[in-house]
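Readers should treat all values here as calculations from the given coordinates under stated rules, not as data from a laboratory. Fair warning: this is a prediction, and the values are worked out from it, not measured in the lab. Cβ atoms come from the backbone with ideal geometry, glycine included; neighbour counts cover every protein chain shown.
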């Protein structure tokens, strides 16, 4: 069933235009139907307060800009880091504004503000409705109750910057930036353990066999090579290590996986494709950077299309690129400042 989103003065972009097309008339309804588009998360500039969220609709190649501000009459905040949809709500983590905003994903009306945090990064819901929130500066992994939309008091103490998370059974694995560790949380007790990996794990995915994969950037100044690791989460042993040939990991190294769980994609300046049973890293990128600052990477669940973005000079509006699974360009268009992620809806 379609739901109408009454947004004022929405910007409209056609795929082959570099600039904004005509705006829609005032009070023009925007149909958002689940399964027909993708939310684009625009980080904005640090301390600029210009974070925003756009919605791109596949059928007619339209981009509807600034959803939160248009619907709620106030800015989203400073530095949008991530957004997670849980049940009938979307939870938006606004890093430098130290808060998490709840909205309905079909109309973007605000339902909650959860705060304060120190510098939140990612939110991972559990089936119970509790959730973990990683943080840049606090030395804690926070706990949140999504049912009551409240921050809980019993945070989990760790050391340093915590980043992406994945749940495997009753455990949550957490990337610990600029360290040699992954944290492992027991979701029943909230006790925390850790295991050693290569230096600076940045992101995590789980394949169809239940194996954990992490991309580590390494550190050239300390001669610590980065690479991609395949880990057995039961034994916590590294089963395969694919070492990078150099330290050129770009501005936003990431690893992602297709919905079938059998093909990895990773962003290391350029974008590479790799089967989970590969015996070596690919040597040729699937999508070359060609001078662009590639800043994001997500794989569409339904069609395995590749979405990425060029942050440019990190001050102007960035460019979103859409590719087929084999790396053929479908289209590109301008979004907000520093598009850093995509949420398919």
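Points to keep in mind about this one:
- Over the stretch 168-217 - Rg/Rh using Cα atoms and the Kirkwood inverse-distance radius: 0.97
- When the stretch 39-174 is reduced to its Cα atoms, the Kirkwood hydrodynamic radius in Å: 15.3
- A full extension of the chain between residue 154 and residue 224 corresponds to an added length of 21.7 nm, given 0.36 nm per residue minus the alpha carbon distance.
- Extension gain from residue 284 to residue 262, taking 0.36 nm per residue of separation minus the Cα-Cα distance: 6.0 nm
- Largest GNM mean-square fluctuation among 176, 302, 128, using the chain with Cα springs under 10 Å: 128.
- The peptide list 90-98, 198-206, put in order of mean Cβ contacts within 10 Å with the highest first, becomes 90-98, 198-206.
- One Cα centroid belongs to the stretch 295-309, the other to the stretch 172-251; the line between them spans 22 Å.
- By the equivalent-ellipsoid construction on the alpha carbon gyration tensor, the stretch 117-196 comes out with semi-axes of 18, 15, 10 Å, ordered largest to smallest.
- Spacing of the two label points (7 Å from each Cα toward its C-beta) at residue 48 and residue 326, in nm: 3.8
- Virtual spin-label span in nm between residue 87 and residue 235, 7 Å along Cα→Cβ: 4.0
- Kirkwood Rh and Cα Rg combined as Rg over Rh, evaluated for the stretch 215-345: 0.98
- Cβ-derived FRET efficiency at R0 45 Å, residue 315 paired with residue 188, nearest 0.05: 0.45
- Shape parameters for the chain, alpha-carbon atoms, Rg then Dmax in Å: 19.5, 59
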